[in-house]
Each structure stands twice: as C-alpha cells, then as structure tokens.
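The values are calculated or read from the model by the stated rules, or taken from the named source; none is laboratory data. Everything numeric in this text was worked out from a predicted model, so none of it was measured. Cβ sites come from the backbone with ideal geometry, for glycine too, and all protein chains shown count toward neighbours.
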Amino acid sequence: MGGRRRPRRRRGRAPGGARRGGRSPSDHGGAFVSDVVAADPFAGIVGQTDAIAVLRAALAVPVHAYLLVGPPGSGRRAAARAFAGELLAADAVAAGDIDAADRHRRLARLEAHPDLEVVEREGASIDAEQARSIVRSAMRSPMEGRRKVLILTEFHLAGAVAPMLLKTIEEPPAGVVFVVLADVLAPDLATIASRCVVVRFAPLTPAVVAAALVADGVDAAVARVAAEASAGDLGRAAVLATDPALAARADWWSSLPRRLDGTGHTVVALVGDLLAALDDAVAPLLARQQAELADLAEREQQYGLKAGSRRTVDARHKREVRRFRRDELRFGLGLLARTLRDELTVLGGPAGAPVDAHRARARLAAIDAVHRTAVALDRNPNERLQLERLLLAVGPTG
C-alpha cells in the first residue's frame, strides 16, 4: 500500500449534501460522511456527554478493547470512527505533524484508513469465516504506524462465534485495539464484555433529536414530527425530515379506525394505500444510499478500499431498508394504538356512567392485536398479510 496517493483536501459540501463540519444521517450508522475533520473529532455526536467523556479519557492511556453499547442511531459508530482516528493520529500529533494527523483522522472518518478495519455482517450475523478473518487481520502488522484498529459492528448478533474471538480480543498483538459495537449487552457476550472497557450510549430523546435537526437547519415543526417518528435514531430522523409526506402518514394512522367499515374490500384498499406510502417513505433513504455508493466509488479510486467493500455496503443497505420499513410501521402502529386507547377512555365516560362493555372489550382486543403485529414485524413477516389481519381485527369505530 506504499503507493497510495496522499488524499487531496476537499472543501465545501461533502458528497450527498452533508454540510461542512456537520452530520449526515450515516454518521450514526453507515460510512457516508463528510471528509472534513472538525476541530473536535467528537463534535458531531449529540446527547452522549458521558460516553464521549469516557472515550476522551481513554485516549490518554488506551487499552486493548472497548465495547460501545447502545441503540441504533445513538452515535456509537460515529464515536468509534472518531476514537479510531485519534488513536491512529496519536504518533503524528506527538511529532507535531498536523497534516499527517489530519490525514489519519480524515481517513478514519471515511473508514478508508489502511490500519482501520470495519467488520460488518453479510448474513444474519458475523459467521465463523468472518471470525477467522478477524483473527487473521488482527495478527497482521499495521501498515502505516504502530497501531491498528478493528471495529466490529452489530456484535450483539455474534454470540455463536464470540468464543472464537475471545482470545484475540482479550490478548491482541501489541498495537491492536478492538472497538466492539453492540445494541445490547447480551448474556452470551458477558465474557467478552469483561475483557473490554464498556462505554454505554444512552437512547436519544425526541427533544435531543429535534434539537440536533434544528441545528442542522430543519424547520422546528418538521424536526419535532421527525424526532417523534425516529425512535431515537438520529439517522432515521434526518431522513424523515426530508420527507414532506411524514405528517400526512401520521394523520393517516391516527384516523385509521374511522376509515374502516368492517368489509374486507376496504381493508385491502387501505393496506394497498399504506404500502404505497411506505414505498414512498423509503425513497429518501434509497437516494442517500445511491449517493453513498457514488461516494464509495470515488473513494475506491482515490484511497483504495479493501476487497468486498461494495458487497458489504450493499448488504448493509438492504438491512437499512428493512429496518426503516419496520420502524416506519412501528411508528404508525404506535399512533394507531394511541387512537384506540383514546377511544377506550371515551367509552369509559364520566365517573358513575354506564360503560359499553362490548365495545370496550372490542377496543381492548384491537389494542392487543396492534401490539402482536408490532412484535411480529421483528420476524420479517409478509407486511400485506399482517396488516390486513390487523385491520380486520381492529374493525370500525362505533
């Protein structure tokens, strides 16, 4: 890799429209980010004061492994990239070589540094072959400096192969640092967690997400709706903030019981409308993914990337679309459940008034059906079939 060209500096807007020094949605998920390095490498990560304080302190005397635990969209991956950049830039900083340090940080942000490897699952989880590849990679010497960083993503899904990686994570070669990312601290990861410094990332509240969007120039009212629909995922919120139909979809779900008339024909028509709206909702995400692929192609020419990068990104994109659709449906189901609970409250009437027990039981059953559908979405069911069953169970108001 000694023949790599020195990366040229780019000014202004990053590919895909990220503002100078600002965030793109993938700062909290994928690798599509601005290549401009902020004065504070952790500046773009919001709502994680405690976690970032731990990582800053760790830079003084780094250890062999860190486990960053928190929900999707909480900033773990962006923090991991920034942390890796500081580790890889440390020697240049000590030598006073500002340009070299800036290059290390920039390449780490782009996940294009030769001494940074980001491992993403290609199937349902990290498999045995990937685990063996991680071990081999850890054993190879760094290419440019004294350190090498391996970021292992979605490690909460790696329980089956975790024992294969335990020894390497516990006692890696000198200079190798593991940064492991997980949504939750699963029981089968307890042993590996005990060998790592655990850094917890808190779920982002709607207020924090909305404030971050407003800081990036999003209208306050739009930011509020997008934040409510994002489930604490800043990346998802940024995509939703570009969707002019978000408020209309929210109103559609809230008013759904009034649209039902007890007939299968109406249910089929409503589900068709919903799925069409869901396809439209995914469009901004697909556009950002296309921009990321264009950016990846440019970086392949400019920096050179490891074999399989395109395949890995394609696999991640498919997972992102599935998760976006699932989260969009969960958001709508939450609004529907709220409407049904409001109807149930009205059925109760004032204190001492008679209650329509039959209608109350029907609404309780409908709320239960909504919750069961939300759980079923985790199993990647047939969306149309699940939604048709749900709307038949909910039935009309009145």
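Quick one: residue 140 ticks every box in (1) free of Cβ contacts under 8 Å to residues at least 12 places away in the same chain; (2) farther than 26 Å from residue 318 by Cα; (3) out of contact with any Lys or Arg (no Cβ under 9 Å at 6 or more places or on another chain) bar one, so which box is it?
(3)
If a residue must be closer than 14 Å to residue 44 by Cα and of a type in the set (A, V, I, L, M), how many such residues does segment 207-228 contain?
Residues flagged as closer than 14 Å to residue 44 by Cα and of a type in the set (A, V, I, L, M) within segment 207-228 amount to 7.
Can you name the condition, by its number, that residue 105 falls short on among (1) under 30 Å from residue 231 (Cβ atoms); (2) touching a helix residue (DSSP H, G or I) at 6+ places or on another chain (Cβ under 6 Å)?
(1)
Please list, ordered by first then second residue, the pairs with beta carbon atoms under 8 Å, 6 or more apart or interchain, first in segment 258-281 and touching a residue at least 40 places away in the same chain (Cβ under 8 Å) and surrounded by 12 or more Cβ atoms within 10 Å (Cβ to Cβ), second part of a helix (DSSP H, G or I) and of a type in the set (Phe, Trp, Tyr).
Partner pairs satisfying both residue conditions: 274/252; 281/324.
Can you tell me which residues in segment 157-190 are aliphatic (A, V, I, L, M) and in a loop (DSSP other than H, G, I, E, B)?
Residues satisfying the conditions are 158, 160, 161, 174, 184, 185, 186.
So which residues in segment 53-73 are over 22 Å from residue 175 (Cα atoms), surrounded by 18 or more Cβ atoms within 10 Å (Cβ to Cβ) and at pLDDT 95 or above, if there are any at all?
Once the filter is applied, which keeps residues that are over 22 Å from residue 175 (Cα atoms), surrounded by 18 or more Cβ atoms within 10 Å (Cβ to Cβ) and at pLDDT 95 or above, segment 53-73 yields 69, 70.
Which of the residues that make up segment 199-229 are touching a Phe, Trp or Tyr at 6+ places or on another chain (Cβ under 8 Å) and not in a helix (DSSP H, G or I)?
199
Just wondering, is there one or more residues in segment 227-243 that are crowded, with 20+ Cβ neighbours inside 10 Å, touching a residue at least 40 places away in the same chain (Cβ under 8 Å) and over 26 Å from the mean Cα position of the chain (by Cα)?
The answer is no; no qualifying residue exists.
Among the residues in segment 42-51, are any surrounded by fewer than 24 Cβ atoms within 10 Å (Cβ to Cβ), closer than 22 Å to residue 195 by Cβ and out of contact with any Asp or Glu (no Cβ under 7 Å at 6 or more places or on another chain)?
yes
Does segment 320-329 include one or more residues that are assigned by TED's automatic domain parsing to the domain that holds residue 388, modelled with pLDDT of 85 or more and more than 30 Å from residue 109 (Cα to Cα)?
yes
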